[in-house]
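Taking it in order: structure first as structure tokens, then the write-up.
Please treat every number below as a calculation from the coordinates, not as lab data. Just so we're clear, the structure is a prediction, and the values are computed from it rather than from any experiment. In this analysis, Cβ positions are derived from the backbone assuming ideal geometry, glycine residues included, and neighbour counts consider all displayed protein chains.
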Amino acid sequence: MRVGACVIFYKGHCFQSFGLNDFKFLGSSKNVFEAVDHHGFSEICIIRPAKPPLTGLMSSHRSGDIDSYLGIPTILVGGVEKSLAHDPGILRSIERVAFNSLLFEPECAIQKVVDIFGKQAVVGMLPFVLKDGIYMAYNVSSDVLIELTSDFISKIYSICDEVVIHDICAHGKSGEFDLQFITKFEIPVHRTIACGGVSPSDLKRFSKLGFSAVYLDNISLHSDSVIDGYLR
Amino acid sequence: MVTCDNCGASTHPFGLTFQRTHENLLICSACELHNNKVHKHDWKMAKDVLETNLLSISGKRYDVLVPVRGDAEDYYVVNYLKSLNRSILVVVVNNYFLNDLAWSNIHNLITEFDVDSILYNPNYISYKEFVATSLRKFNSIYLPYKAILHRYIMMLAKEKHIPLVVFGQCQPQEIAGKFSYSDNLRLSNWWVVEHEKNGITADEFIGSGLHLQSWQYDDLKYPPRKVVSGVTAIFLSNYLFWDQAQQNKLAHEHGYSCGQENNAFDQYENTGSSVYYNFHDFLRIQSGHEPKLFDQLRAEVRFGRMTKTMMLKLQRDFLSAPRYYFKNFFTDFLGSTNSGFDWYCENRITNRRDLLAESELNELSRLAEYQNLNEEAPPREQFVRFQKGI
């Protein structure tokens, strides 16, 4: 099972978040990307948030764009279509791209992306919440929650190579990822990446469950040896 | 520009984020974390975790290593660990910036708490070269000390089988609200680079113009993860309710002497440095940041001991008069001539020359009045180069 780090990226800096909108500054992007590499993570998931953090940022010599230093495989989430239209060069360092809002569009919309990147590079990004006992999918661009159905889940997996199931409420809260989600919808875990509230102590468990990958969120930089136990 | 409605902060070197409260106030991450500290966080549970899990681990000879610099915070940390019967090794990494007051406080700490100690003196010639290079390339004089400090203490802890390194305050957390108290934060290479070394890696630091042999650069490099595995470095402020200014005053009970810092509000913090509230502070301003005093005043506002109006007035007053005299750094430490110092001021100081003082400020700043201090004797000697036996 691959273990990656998930960071939120905005204006050359990286952020942590608790839930979807409670941000804390993490550090300059180059430092963060280098550290993720040195910590032994297999890949990095970079989220460009639809609602960016409010911050009094100062530029530093270590703030850079996404392509400033990426030595490990990278998934980019957020604003991919915009980048394709206005700044395609930024995508040259990216191995895979993940989409959220396009998942709620007709299949032909995401097929265009598949045609450009190839299916192996297209990942679905599915943020979910449990609201009043019902699992809802979150459309980030339109800021709307939609009740999840098995048909919707099947559609996503038919057009994406892998799907990131992102427990938004657990993001930043280590050990609180809602595993009931995968049993509720019979998720094909071998093509699923779990993200949001996954703890380093859960890694072996997720591996046994058959997940293709997990992404650690804020905790990925809270110590040097965060995944050493799993890598051994 | 966004500004916190509570403490007036707009930005910080550690990074601030802002949120709207239910009352539609804009609050910075530092104030938000402070609110969590005071009203929400379970400090009893956090303390239990610290004392039953982390501090219960024993080493071969020493259980904990405590880096000290002659600061009142050191007294608090050592006193606390002593109360738990931990076997402590205090370590001083000499930055050659300490005055006689700092050395007096360090020796008093060792005597008062009866702890073993190690003093590490980096090679003085190399160190001066590091500092000169750091000043020239990065406008910083503390970077080499921080790099050497963190490398040395981790390697020493590993060598002596000390499982835990204990720091007091996690400044990025306490001052900028950068981490949550639930984050189980540890010191790491990333943390050191990001917060102590201004984002500058050893490879960036070392380059042409640094006139040293390559083996001398090792002091600057944080040890690889595998080399120091088994050593954990924690911050007590992650587990104990932390009020730096109030805790610092407790050091008086153990014979601590605070200085007369004209540019500090907390007269106990970083006492005994010849540069911290002088040249180092001025360099912060040169880099577009605020003086350290502003962090201390904001902490007072958050704890409700000062109004925001008073804080803003003190901040305005502070920046309205000459504050910094640091010629002795050039002449006494770097070995510059007077003309060398003049050249630096003429060519390298880009803004706020109005803050430069013609001579040392001899009167105790009225900022200290707010600390309700007794009259303390000022240091007699700056840049005291203390070495064992000499």
Quiz item: Can you list residues whose amide H is under 5 Å from A:Leu54's amide H, if they're 5+ apart or on another chain and H is modeled 1.01 Å from N?
Solution: B:Phe18
Quiz prompt | GNM top mover of A:Asp37, A:Asp161, A:Asp22 - chain A, alpha-carbon springs below 10 Å | solution = A:Asp22
Quiz item: What number comes out for the charge environment of B:His161, summing +1 per Lys or Arg and -1 per Asp or Glu over other residues with Cβ under 11 Å away?
Solution: +2
Quiz item: So if we plug the beta-carbon distance of B:Lys160 and A:Ala85 into 1/(1 + (r/R0)^6) with R0 = 56 Å, what FRET efficiency do we get, rounded to 0.05?
Solution: 0.45
Self-check item: Simple label model, 7 Å out from Cα along Cβ direction - A:Gln180 to B:His22, nm
Solution: 2.7
Quiz item: So, in nm, how far is label B:Phe386 from label A:Val114 when the simple model puts each one 7 Å beyond its Cα toward the Cβ?
Solution: 7.1
Quiz item: A:Ile44's amide H: which non-local residues (gap 5+, or another chain) put their own amide H closer than 5 Å, with H modeled 1.01 Å from N in plane and none for Pro or chain starts?
Solution: A:Ala5, A:Thr74, A:Ile75
Practice problem: Mind putting together the pair-distance distribution for segment B:1-123? All Cα pairs, 10 Å bins, whole percent per bin, short to long. | Solution: 11, 28, 23, 27, 11, 1
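What is the magnitude of the charge dipole of the protein assembly as shown about its Cα centre, with +1 placed on the Cβ of each Lys and Arg, -1 on the Cβ of each Asp and Glu, and no other charges, expressed in debye to the nearest 20?
With only Lys, Arg, Asp and Glu charged at Cβ, the dipole is about 720 debye.
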Quiz item: Picking from B:Phe113, B:Pro291, A:Cys45, whose Cα lies most toward the positive end of the charge dipole for the protein assembly as shown (charges on Cβ: Lys, Arg +1; Asp, Glu -1)?
Solution: A:Cys45
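In chain B, how does Rg compare with the Kirkwood Rh, expressed as the Rg/Rh ratio over alpha carbon atoms?
0.94
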Exercise. Please work out the C-alpha center-to-center distance from segment A:99-132 to segment B:313-329 and express it in whole Å.
Key: 57
Quiz prompt | Options B:Asn123, B:Leu187, B:Ser87, ranked by Cα towards positive dipole end of chain B, top entry (Cβ charges) | solution = B:Leu187
Quiz prompt | 21 Å tail of the calculated P(r), segment A:79-209, as % of Cα pairs | solution = 43
Quiz item: For segment B:223-258 and segment B:13-85, what is the separation of their C-alpha centers, rounded to whole Å?
Solution: 8
